[in-house]
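The values are calculated or read from the model by the stated rules, or taken from the named source; none is laboratory data. These numbers were taken from a predicted model, which means no experiment stands behind them. Here the Cβ positions follow ideal geometry from the backbone for every residue, glycine too, while neighbour counts run over all protein chains shown.
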Amino acid sequence: MNTLELDVDDRAIVNRLQDGLPLVPHPYASVAAELGLSEAELIERLVRLRDTGVLSRFGPMYHAERLGGGLTLAALVVPEADYERVAEILDGFPEVAHNYRREHQLNMWFVLATETAERIPEVVAELEAATGLAVFNMPKEREFHVRLHLAV
């Protein structure tokens, strides 16, 4: 993550948008008005926060399985010397939603989201070929909804 200093407005944007955008004709204008900003300034700040790595992703959350797609949690055992290289490889796959480090033998975790459930094993095989590492695929057995809001 970039060490960009967040000002009061940046923090207010991150905090507010964790609750989602309103379902109105101009959602960015609506949120900008709530925060005392112009729509253009809100969008400019969001682009900057994403481009500098403060936000790794900004977009809608879909329930892939309800849309006919596949979704799974996966992990790798990555030698420390190869960690950045492997992370870059994963980042190049559009099916990898995000990856993150864990303090565990399985030290790189990621989420795969595919257009079809049948595509999951294909992408797993592609990732194994690209990284030279075994992918531990952990499909969900039961779903829990946990609302996580990180106040900035």
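Kindly list, by first and then second residue, each pair from a residue in the range 45-56 that is among the hydroxyl-bearing types (Ser, Thr, Tyr) to a residue that is outside any loop (DSSP other than H, G, I, E, B) and modelled with pLDDT under 85, limited to pairs with Cβ atoms under 8 Å and residues at least 6 apart or on different chains.
Hits for this filter: 56/98.
May I ask you to list the residues in the range 35-61 that are assigned to a loop (DSSP other than H, G, I, E, B) and modelled with pLDDT under 95? Before the answer, list the steps.
Restricting attention to the range 35-61, the residues satisfying the condition of being assigned to a loop (DSSP other than H, G, I, E, B) are 36-38, 52-61.
If the condition is that a residue be assigned to a loop (DSSP other than H, G, I, E, B) and modelled with pLDDT under 95, then 52, 53, 54, 55, 56, 57, 58, 59, 60, 61 are the ones that fit.
In the range 113-121, is there at least one residue being of a type in the set (Lys, Arg), in contact (Cβ under 8 Å) with a residue 40 or more places away in the chain and not assigned by TED's automatic domain parsing to the domain that holds residue 14?
Residues of the range 113-121 of a type in the set (Lys, Arg): 119.
Subsequent filtering for residues that are in contact (Cβ under 8 Å) with a residue 40 or more places away in the chain retains 119.
Pick out the ones that are also not assigned by TED's automatic domain parsing to the domain that holds residue 14 and you get 119.
Within the range 113-121 (the criterion being of a type in the set (Lys, Arg), in contact (Cβ under 8 Å) with a residue 40 or more places away in the chain and not assigned by TED's automatic domain parsing to the domain that holds residue 14), the answer is yes, since at least one residue qualifies.
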